[in-house]
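The values are calculated or read from the model by the stated rules, or taken from the named source; none is laboratory data. All values reported here derive from a predicted model rather than from experimental measurement. Neighbour counts are summed over all protein chains in view; Cβ atoms, including those assigned to glycine, are modelled from backbone coordinates with ideal geometry. Note: areas computed on protein heavy atoms with side chains; ligands, DNA, RNA excluded. Shrake-Rupley method; radii C 1.70, N 1.55, O 1.52, S 1.80 Å.
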Amino acid sequence: MSYIAILETGVPPEELSETYGTYADMFRSHLAAPERQFRVFRTMEGELPGPDDTLSGVVITGSPAGVYEDHAWISELIGWLRGLDAQVPVVGICFGHQVMAQAWGGHVEKSDRGWGVGLHEYTIHDNTLWRELATTDLSSIRVAVSHQDQVVRKPDTAVVLAGSDFTPYGALAYTDRKAISFQCHPEFCENFAGDLWMSRRGWRISEHLVDQAMDSLKAGTTRDHVLAAISRFLAA
C-alpha cells in the first residue's frame, strides 16, 4: 500500500508538543483525507523510507539543525533525495525547503539578515503555477516563520513561486521533478507560533524581534490557502 512519508527532522520543545503535538502530528491533521495513509520517519534518528516502499508523497518538516551541519542523518537525507524517483511528489517546509535546495543544486547559509520571526508576507511571483495549486487567486501569502538559515542560491531547476525582500527564495517549485517547498510554516497555528517565539524570547531571539513577531499576528495568516495548495499538490 502506498503512503505519504513524513520525514520528521525536528520536534517542538517538549512543553509545546504536549499541547500542540509534533510537527508530524500537525501535518497529518492538516493533510488528512480518507484515501491517504501516512508513515512518520524519525529522520533525525536515521530513519528513511526503504527502496521498495511505494510512496505517494513525501513531506519534510522543519528542524533546529542547519543543512550544512556535519550530521550523518543530514548527509543521508541529501543522498536519499538525490536518488528519489522524480515522479514522487515532495513538499519541504523550512529545513525541508532548505535541504531540498541543497540536495538538488542550490546553496543554504546562515543569513546575514539575521532571524526571521513573525508573520512574513511573500509576494506570489509565479501566478500561473499558484493558480494551479491553490483554490484562490492571491497576490501574496502571509504565514509564520522562524528561521536564521536561508536558500541563498536556488537550484537551476527551481523557479521562484514566492518571496520577499527578506527571503527572496521564500517558496520554490521544481521543473525537473514533482517538488515544491516553503521557507514559512503553514502548519503552525497562531497560538503555537506565538508560544514558540515566546519560548525563545531573550535567550535565542532578541526581545524586540519577538515582540514585533507577536504584534504581527494581528494581521492574520493565510496559512490555510498554503495548506490547501500543498494538499492539492500531493493529490495531483
Checklist entry - If you average over every viewing direction, what projected area does the convex hull of the Cα atoms of the chain give, in nm²? => result 12.1 nm²
Next on the checklist: Between Ala86, Ala219, Ala24, where does the largest GNM mean-square fluctuation fall for the chain, given springs only between Cα atoms within less than 10 Å?
Outcome noted: Ala219
Checklist outcome for this item: Carbon/sulfur accessible area of the range 5-130, % of total, 1.4 Å probe, equals 44 percent
Next on the checklist: Suppose all protein chains stay in the model; what accessible area per residue would a 1.4 Å probe give for the range 74-209, in Å²?
Outcome noted: 39 Å²
Checklist entry - For the chain, what is the calculated [θ] at 222 nm in deg cm²/dmol (nearest 500), taking -39500 (n - 2.57) for each run of four or more DSSP H residues and dividing by its residue count? => result -9500 deg cm²/dmol
Checklist outcome for this item: Computed for the chain: size of charge dipole around the Cα centre, +1 on C-beta of each Lys and Arg, -1 on C-beta of each Asp and Glu, debye to nearest 20, value 420 debye
Next on the checklist: Using a Cα-Cα cut-off of under 22 Å, which lysines could be cross-linked to Lys218, ignoring same-chain neighbours fewer than 8 residues away?
Outcome noted: none
Checklist outcome for this item: Packing-ranked peptide list from 136-146, 171-181, 42-52, highest mean Cβ count within 10 angstrom first, is 171-181, 136-146, 42-52
